[in-house]
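Colleague: Below you will find the structure I want to go over with you.
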Amino acid sequence: MGEAEGAAEESCLEGGQQKPVSDEPEQLAADMRSRAGHYEVLGETYAKFEFFEKGWNPYSRFLDVDKVDLILRRRIEGQIVYREIQVKFGKLYPVGPAWEREHFDFTSWRFFKEEEFASHLDQKDFFIAYVLSRDPDPDKPAYQGDIFIFPVRKFVEVIGQGIPSKGQRKVYLSRLKGEEERWVLRRATHFSEISETSCLDVTVYRRNFASLLGENV
């Protein structure tokens, strides 16, 4: 055995036992996952899979131009149809305060400017895919099919009904407790009951793939 090989073996062995491997790579991976960019890429990956499963061919834009992350292509009755998609990702958290736990089990939030999609309002082929995902769980996957698809005009309406905050709107999407898949947008920061005043029901937009072909909403 050469000196270099012997030195390498000594660095790996100590007292006849293998040294523990450094956890630095794992920590680095965790730090990378915590960056916002990772979640946006993750959201696009989930969205591409969902669109493919529904018969669309999704293509990523090399550059995020005109808020278009994905272009969908599909042949319908001999005609090629295209749709433009902006993907938004939201992290789902178990609700905390007692008053929230009376109504909800999971919630997500992020900020939007009211004029963020103003230049796209007249585009009937432009949609927002809002992907929500939890932290990984040993028994359940992080992503559980919670993708909301909004025609751009509808999403602008949703933003406008979010909670005002420092010149923006805080868009809270929460799942109702005891309801398998009923989702609402919170219109207020605190309330004692679910009503049209406190919440906007957005359940119809969950897995709303039909809207891409002009069906439903």
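The values are calculated or read from the model by the stated rules, or taken from the named source; none is laboratory data. A quick note: this is a predicted structure, and the numbers were derived from the prediction, not measured. Please note: Cβ atoms are built from the backbone with ideal geometry, for glycine as well, and neighbour counts cover all protein chains shown.
Colleague: Can you tell me which residue in segment 176-190 is surrounded by the most Cβ atoms within 10 Å (Cβ to Cβ), limited to those that are in contact (Cβ under 8 Å) with a residue 60 or more places away in the chain and not in a strand (DSSP E or B)?
Modeller: Lys177
Colleague: Counting only residues that are surrounded by 18 or more Cβ atoms within 10 Å (Cβ to Cβ) and not in a strand (DSSP E or B), how many does segment 155-175 have?
Modeller: 5
Colleague: May I ask you to list the residues in segment 128-146 that are surrounded by 21 or more Cβ atoms within 10 Å (Cβ to Cβ) and either acidic (Asp, Glu) or over 14 Å from Tyr46 (Cβ atoms) (or both)?
Modeller: If the condition is that a residue be surrounded by 21 or more Cβ atoms within 10 Å (Cβ to Cβ) and either acidic (Asp, Glu) or over 14 Å from Tyr46 (Cβ atoms) (or both), then Ile128, Asp146 are the ones that fit.
Colleague: Of the conditions (1) modelled with pLDDT of 95 or more; (2) out of contact with any Leu (no Cβ under 7 Å at 6 or more places or on another chain); (3) not hydrophobic (A, V, I, L, M, F, W, C), His103 fails just one. Which one is it?
Modeller: (2) is the only condition that His103 fails.
Colleague: Out of (1) touching a residue at least 60 places away in the same chain (Cβ under 8 Å); (2) of a type in the set (Val, Ile, Thr); (3) not in a loop (DSSP other than H, G, I, E, B), the odd one out for Val87 is which?
Modeller: In the conditions (1) touching a residue at least 60 places away in the same chain (Cβ under 8 Å); (2) of a type in the set (Val, Ile, Thr); (3) not in a loop (DSSP other than H, G, I, E, B), Val87 misses (1) alone.
Colleague: Please enumerate the residues belonging to segment 63-82 that are part of a strand (DSSP E or B) and either of a type in the set (A, V, I, L, M) or closer than 25 Å to Lys113 by Cβ (or both).
Modeller: Within segment 63-82, Leu63, Asp64, Val65, Val68, Asp69, Leu70, Ile71, Leu72, Ile76, Ile80, Val81 meet the criteria.
Colleague: Moving to a separate point now. Scan segment 96-137 for residues that are out of contact with any helix residue (DSSP H, G or I) (no Cβ under 7 Å at 6 or more places or on another chain), of a type in the set (A, V, I, L, M, F, W, C) and free of Cβ contacts under 8 Å to residues at least 40 places away in the same chain and jot them down.
Modeller: Listed by number, the residues that qualify are Ala98, Ala118.
Colleague: Next question. Would you check which residues across segment 73-103 are under 28 Å from Asp135 (Cα atoms) and more than 15 Å from the chain's Cα centre (by Cα) and list them?
Modeller: Pro94, Val95, Gly96, Pro97, Ala98, Trp99, Glu100, Arg101, Glu102, His103 - these are the residues of segment 73-103 that are under 28 Å from Asp135 (Cα atoms) and more than 15 Å from the chain's Cα centre (by Cα).
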